[in-house]
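First the structure, in the form of structure tokens, and then the observations on it.
The values are calculated or read from the model by the stated rules, or taken from the named source; none is laboratory data. Treat the numbers as computed from the prediction; the structure is a model and nothing was measured. FYI the Cβ positions are ideal-geometry reconstructions off the backbone, even for glycines, and counts take in every protein chain you see. The accessibility values were calculated without ligands, DNA or RNA, using every heavy atom of the protein model including side chains. Shrake-Rupley method; radii C 1.70, N 1.55, O 1.52, S 1.80 Å.
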Amino acid sequence: MRDENKTREQLIDELNEMRRKVADIGNDGKAQRVDSLIDDITHLKMVERKLRESEQRLQLALEGGALGLWDWNLKTGRAIWSEWAIRMLGYELDELDPHVRTWKRAVHPDDWEKVSEVLNGHLAGRLPCFEAEYRIQTKSGEWKWVQARGKVAEYDKDGKPQRITGTMLDITERRKAAEELRNSEEKYRRLVENAYDIVYTTDPNGRVTFVNPSGLQHIRYSQEEVVGRNYLEFIPEEYMENVGRFYSRQFLEKIPDTYYEFPFVTKNGEMRWYGQKTQLLMEKDGIVGFQSIARDITDGKRMEEKRLEMERRLLHAQKIESLAVMAGGIAHDFNNQLAVVLGNLELALTDQTLDTETRLSIESAVEAARRSAELSKQMQIYTGSTFYYPVDVDLNKLLSGNLSQLESCISGNVTLNLERFNSLPLMRGDADQIQHLVMNLVVNASEAIKDQHGVVALRTGVMDCEVGYLSRSRLEEKPTPGRFVFLEVTDTGCGMDTDNQRRLFDPFFTTKFTGRGLGMAEVIGVVKGHRGAIIVDSEIGKGTTIRILFPATKDARASTAQIMERVEIKPSPTETANRQKTILLVEDETGVRDLAVRRLDILGYNTITTADGEEAIGLFQERISEIDLVMLDFAMPRMNGVEAFKEFIRIKPDVKVILSSGYTEDVLLQNFPDRRPAGVLHKPYKMEALKAKLDRLLGNDG
């Protein structure tokens with residue numbers, strides 16, 4: 001029986017031996033007889049066929065994978081290349097004797113050291129195989145990048161490597177693409193780093209992930225001080241809500257890019273304006289963040305503001321000039337006519353035969369004509385086109401001398417108080433006009449109290465004013481900084497909103513009834529004529545304070561008299577009561593949490609802080625008796641706002657919870673189909689919004 005495990009060569013040798021044994025050789029050496037022996041070689045043929053098929057499959061796989069074979073004789077240094085490898089080098093099969101070229105001669109000289117290091121590592125047994133990328137020269141002399149892998153295929157009797165064989169892959173295009181990509185990335189990196197604009201990226205939650213060096217120079221921060229913080233921490237509080245709304249809308253509606261302008265506060269406290277274009281950063285899983293380019297537009301913004309301010313002042317000046325011309329013309333013609341009326345009426349009064357009733361009627365007409373003349377004078381004062389005769393005026397003495405007259409002009413339910421500053425310096429002014437000014441202010445304050453019992457307080461003083469304080473003046477022209485005598489009129493009336501404050505000094509404007517007159521308009525005319533300032537502070541339900549500043553005399557400015565630098569404002573009863581309230585603040589963003597704590601401290605609340613929902617539940621259970629309200633973030637780790645809210649109301653059903661998030665209120669409340677939070681704050685929120693929510697929920701508990 002034939003051994004199935006014998007090799008093909010062994011089987012062929014045995015077959016030839018058997019043939020020699022069965023041959024009958026004659027004396028002449030020729031075969032006389034041949035005995036035939038037949039052996040079954042079916043298995044051998046099958047092995048040969050399978051071997052050929054295997055070799056063909058291997059060849060197809062190598063050609064399909066663009067792989068070349070090489071065999072390097074370490075002893076002679078000569079390399080044998082496969083057909084694909086030869087063609088890869090730019091030769092035809094009959095052009096290159098694969099035994100002639102040595103492998104070392106084909107490798108680029110600059111790459112040989114690296115290749116030999118890897119090769120020696122494999123030959124020494126330190127590396128499991130030889131694997132390297134290097135350049136190899138083609139027939140035309142150009143260099144191609146290849147990736148070669150191989151292993152030792154033959155050792156001598158002493159165990160030394162004799163031959164190494166492996167594969168070769170042309171990676172020239174891949175290396176070229178990688179190089180182009182690196183060059184492109186390097187060009188982009190240099191462009192971003194050297195760009196004058198601020199280039200930065202944020203994650204979907206608004207945390208900064210990168211800022212270019214030029215951007216850091218703009219904002220005066222280091223990379224470590226910016227990366228990881230929320231971008232809203234660098235936006236002035238009054239602009240946070242609008243800026244945050246841009247980001248939220250872009251994120252929720254997946255708007256590819258947006259442009260908007262916003263201010264930024266640098267590390268040294270300077271506020272700069274930037275025009276910013278923001279793009280979404282998208283990957284297959286969705287939005288991964290934002291990429292923004294912000295350009296400093298502060299100078300342009302200031303120039304535009306100056307231009308608009310100049311246009312506004314020009315229009316105002318033209319309006320005042322027109323009013324002055326009109327007032328002058330009216331005064332001239334009107335007073336001429338009134339002079340005729342008054343003259344004739346006075347002549348009529350000289351008639352001794354007039355009966356008493358007729359005389360009283362004429363005298364009443366004379367008084368009305370004089371008041372009509374006063375009206376045209378008031379219009380001239382408002383426009384600044386009248387003349388006044390300045391003298392040294394003691395404001396304390398002027399108020400004391402007219403106190404009884406002032407009291408007669410106010411309602412019986414209003415108390416008038418006068419608080420005079422001792423040693424008040426003199427001021428330069430027209431006493432008659434100042435008396436009219438005080439009368440108008442007191443009457444206006446009294447009417448603001450309406451039918452309620454209240455107080456109108458007159459107060460005098462002296463103060464040194466800087467540019468910042470004087471910039472609050474309601475007059476277009478601001479006085480020069482220095483020492484001022486002031487008159488302050490405060491009422492406990494209804495107060496005014498921003499719009500009414502803006503229109504307070506317009507002619508004939510009133511919140512009481514139509515056609516009130518030029519009272520407050522005359523006030524601003526008097527102050528303008530005295531080169532003073534008007535400061536107004538008012539709040540709905542808390543009354544109004546109007547402070548009139550008159551420049552002190554030169555002697556007063558040079559003196560060292562006692563100066564009242566500021567007005568002490570006592571906290572309101574509600575603010576004092578708020579000191580007793582405690583709020584549990586649940587916020588995972590450190591910057592947002594710290595900002596909220598500072599705001600709550602300013603508003604007078606005690607705070608307990610935590611960064612996640614689970615810890616908040618534990619604190620709430622432990623300190624339930626002292627917590628008056630919970631401010632709860634919507635998106636948090638471990639336990640989100642929805643889950644935490646359910647736990648809070650389970651522990652204490654009547655707990656007051658304010659939910660805060662960057663999402664809009666309608667989106668948030670979809671997550672609370674049953675019981676809803678007591679309030680919602682849309683991030684970023686203003687301090688006024690926070691105060692309003694807390695006042696509504698806690699204001700009646702103190």
Consider SER140 against the criteria (1) of a type in the set (S, T, N, Q); (2) part of a loop (DSSP other than H, G, I, E, B); (3) open to solvent by less than 30 Å² (accessible area, probe 1.4 Å): it satisfies all of them except one. Which criterion is unmet?
(3)
Residue pairs within 6 Å by beta carbon, gap of at least six or interchain, first lying in segment 342-355 and touching a residue at least 24 places away in the same chain (Cβ under 8 Å), second surrounded by 12 or more Cβ atoms within 10 Å (Cβ to Cβ), listed first then second, are LEU342/ALA369; LEU345/ILE362; LEU345/ALA365; LEU345/VAL366
Kindly establish whether LEU308 is surrounded by 12 or more Cβ atoms within 10 Å (Cβ to Cβ), among the hydrophobic types (A, V, I, L, M, F, W, C) and either farther than 30 Å from PRO263 by Cα or modelled with pLDDT of 70 or more (or both).
no
Sort out which residues of segment 401-439 are open to solvent by 40 Å² or more (accessible area, probe 1.4 Å) and among the polar types (S, T, N, Q), and write them in order of number.
SER404, GLN405, SER408, SER411, THR415, ASN417, ASN422, SER423, GLN435
In segment 397-431, which residues are over 25 Å from VAL462 (Cα atoms), small (Gly, Ala, Ser) and not in a helix (DSSP H, G or I)?
SER411, GLY412
Scanning segment 147-165 for residues that are part of a strand (DSSP E or B) and either open to solvent by less than 50 Å² (accessible area, probe 1.4 Å) or touching a residue at least 40 places away in the same chain (Cβ under 8 Å) (or both) gives GLN147, ALA148, GLY150, VAL152, ALA153, PRO161, GLN162, ARG163, ILE164, THR165
Kindly indicate the residue of segment 251-284 that is under 14 Å from the mean Cα position of the chain (by Cα) and surrounded by fewer than 13 Cβ atoms within 10 Å (Cβ to Cβ) and also nearest to GLN217 (Cα to Cα) among those meeting that condition.
MET271
Residues satisfying the stated conditions in segment 193-226, i.e. assigned to a strand (DSSP E or B) and either open to solvent by less than 60 Å² (accessible area, probe 1.4 Å) or among the hydroxyl-bearing types (Ser, Thr, Tyr) (or both):
ILE198, VAL199, TYR200, THR201, THR202, VAL208, THR209, VAL211
Those residues that are among the polar types (S, T, N, Q), surrounded by 19 or more Cβ atoms within 10 Å (Cβ to Cβ) and either more than 26 Å from PRO551 (Cβ to Cβ) or at pLDDT below 85 (or both), I need them from segment 445-499; list them, please.
SER446, THR492
The listed residue being at pLDDT 85 or above, among the hydroxyl-bearing types (Ser, Thr, Tyr) and under 19 Å from ASP296 (Cβ atoms), out of TYR239, TYR221, TYR155
TYR221
Of the listed residues (SER248, SER292), the one being among the hydroxyl-bearing types (Ser, Thr, Tyr), at pLDDT 80 or above and either outside any helix (DSSP H, G or I) or open to solvent by 80 Å² or more (accessible area, probe 1.4 Å) (or both) is SER292
Index of the failed condition, THR574 passing every other in (1) open to solvent by 30 Å² or more (accessible area, probe 1.4 Å); (2) in contact with a strand residue (DSSP E or B) (Cβ under 9 Å, 6 or more places away or on another chain); (3) in a helix (DSSP H, G or I); (4) at pLDDT below 85
(2)
Tell me yes or no: at least one residue of segment 178-190 is surrounded by fewer than 15 Cβ atoms within 10 Å (Cβ to Cβ), in contact (Cβ under 8 Å) with a residue 60 or more places away in the chain and not hydrophobic (A, V, I, L, M, F, W, C).
no
Kindly list, by first and then second residue, each pair from a residue in segment 117-146 that is free of Cβ contacts under 8 Å to residues at least 12 places away in the same chain to a residue that is open to solvent by 30 Å² or more (accessible area, probe 1.4 Å), limited to pairs with Cβ atoms under 6 Å and residues at least 6 apart or on different chains.
GLY121/LEU127
Which condition from (1) hydrophobic (A, V, I, L, M, F, W, C); (2) open to solvent by 60 Å² or more (accessible area, probe 1.4 Å); (3) at pLDDT 90 or above is the one that ALA558 breaks?
(3)
Counting only residues that are surrounded by fewer than 17 Cβ atoms within 10 Å (Cβ to Cβ) and in contact with a strand residue (DSSP E or B) (Cβ under 8 Å, 6 or more places away or on another chain), which one in segment 598-607 is modelled with the highest pLDDT?
ASN606
Filter segment 65-106 down to the residues that are of a type outside the set (Lys, Arg), in a loop (DSSP other than H, G, I, E, B) and at pLDDT 75 or above, then identify the one that is farthest from LEU169 (Cα to Cα).
THR76
